[in-house]
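The values are calculated or read from the model by the stated rules, or taken from the named source; none is laboratory data. Keep in mind the model is a prediction, meaning the values are calculated, not measured. Using ideal geometry, Cβ is built from the backbone for each residue, glycine included, and neighbour counts are taken over all protein chains shown. Areas reflect the complete protein model, heavy atoms only, side chains present, ligands, DNA and RNA absent. Shrake-Rupley method; radii C 1.70, N 1.55, O 1.52, S 1.80 Å.
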Amino acid sequence: MRHPDGLTLTGAAVFFALSVAGTAPGQEAGTSSRRTVSVTGHGEVDATPDLAVISFAIETTGTKAADAIADNARRADAVIKAVRSTLGKDDRVATTRYSLEPRYEQTRRGEGEQPRIVGYVARNEVRVETRAVDALGSLIDTATAAGANRVANLQFTLSKKNEHQGAAIEGAATDARAQAESIARGLGVKLIRIVAATTSSGPVVPMRRFDYGMMAAEARSPTPIEPGTVSVSATLTVTWEIE
């Protein structure tokens with residue numbers, strides 16, 4: 001926004017409204033619009049994740065549906081038991097998805113010929129939430145050694161999100177006030193009071209697409225996992241009355 005004197009305002013969103021003398025339509029006599037200035041501040045906090053969420057899948061095949069199901073049940077039970085043996089009291093493990101699908105013969109068929117079922121695939125997906133982020137590589141090795149043949153949807157997050165969001169909001173408030181004070185000095189006005197404030201916040205959680213594949217159980221070296229950091233951000237839009 002450019003001031004009549006040539007001052008250019010840059011940075012976050014800025015809205016400056018000046019009152020107009022007289023009475024607006026529908027406005028009571030003797031009142032006038034308030035002069036306000038609005039800014040949007042931004043705050044961000046980087047934190048070390050203390051919670052990991054990961055999914056293990058067990059896929060089995062069989063010429064008959066019953067064979068695929070039975071083999072899957074045996075291997076899934078072994079995976080769940082092995083995983084639970086490594087988890088702490090606050091960690092969780094649960095089955096989140098199960099499916100049974102036919103496998104069709106992949107050959108060229110004549111006109112009107114129906115595809116032929118040659119087998120079945122059973123899939124059981126287990127979701128694990130663990131606070132032992134540093135031991136996640138060992139957990140993956142344990143699950144795959146027990147029979148899991150696919151690992152996916154690895155996500156790092158925070159168990160106490162509100163604390164970090166509060167810090168991000170405080171940073172956004174500091175940023176918003178600094179912007180408002182700079183604008184007031186540049187325009188030669190004075191901040192009187194805050195008349196409105198709205199905020200939005202939420203953790204920016206990096207989703208790690210992790211596909212360990214069918215050879216995971218044959219891996220000989222420990223699986224290296226680096227959680228990195230999680231960024232929590234917040235924005236705060238504040239409107240000041242000015243004179």
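Considering the conditions (1) in contact with a Ser or Thr (Cβ under 8 Å, 6 or more places away or on another chain); (2) farther than 18 Å from residue 65 by Cβ; (3) open to solvent by 90 Å² or more (accessible area, probe 1.4 Å), residue 135 is excluded by exactly one of them, (3).
Here are some residues: 170, 226. Which one is open to solvent by 50 Å² or more (accessible area, probe 1.4 Å) and either at pLDDT 90 or above or closer than 30 Å to residue 34 by Cβ (or both)? Result: 170 is the single residue among 170, 226 that is open to solvent by 50 Å² or more (accessible area, probe 1.4 Å) and either at pLDDT 90 or above or closer than 30 Å to residue 34 by Cβ (or both).
Could you please give the count of residues in segment 52-65 that are among the β-branched types (Val, Ile, Thr) and either under 15 Å from residue 104 (Cα atoms) or outside any strand (DSSP E or B) (or both)?
2
Check whether at least one residue in segment 90-104 is farther than 30 Å from residue 228 by Cα, open to solvent by 60 Å² or more (accessible area, probe 1.4 Å), within 28 Å of the chain's Cα centre (by Cα) and free of Cβ contacts under 8 Å to residues at least 60 places away in the same chain, and report yes or no.
The answer is yes, given that some residue of segment 90-104 is farther than 30 Å from residue 228 by Cα, open to solvent by 60 Å² or more (accessible area, probe 1.4 Å), within 28 Å of the chain's Cα centre (by Cα) and free of Cβ contacts under 8 Å to residues at least 60 places away in the same chain.
Mind checking whether some residue in segment 125-132 is modelled with pLDDT of 95 or more, open to solvent by 70 Å² or more (accessible area, probe 1.4 Å) and more than 22 Å from the chain's Cα centre (by Cα)? No, because not a single residue in segment 125-132 is modelled with pLDDT of 95 or more, open to solvent by 70 Å² or more (accessible area, probe 1.4 Å) and more than 22 Å from the chain's Cα centre (by Cα).
Look at residue 34 and say whether it is open to solvent by 30 Å² or more (accessible area, probe 1.4 Å), modelled with pLDDT of 95 or more, among the charged types (D, E, K, R) and not in a strand (DSSP E or B). Criteria not met by residue 34.
Scanning segment 66-89 for residues that are assigned to a helix (DSSP H, G or I) and either touching a helix residue (DSSP H, G or I) at 6+ places or on another chain (Cβ under 8 Å) or of a type in the set (D, E, K, R) (or both) yields 67, 71, 74, 75, 77, 78, 79, 81, 82, 83, 84.
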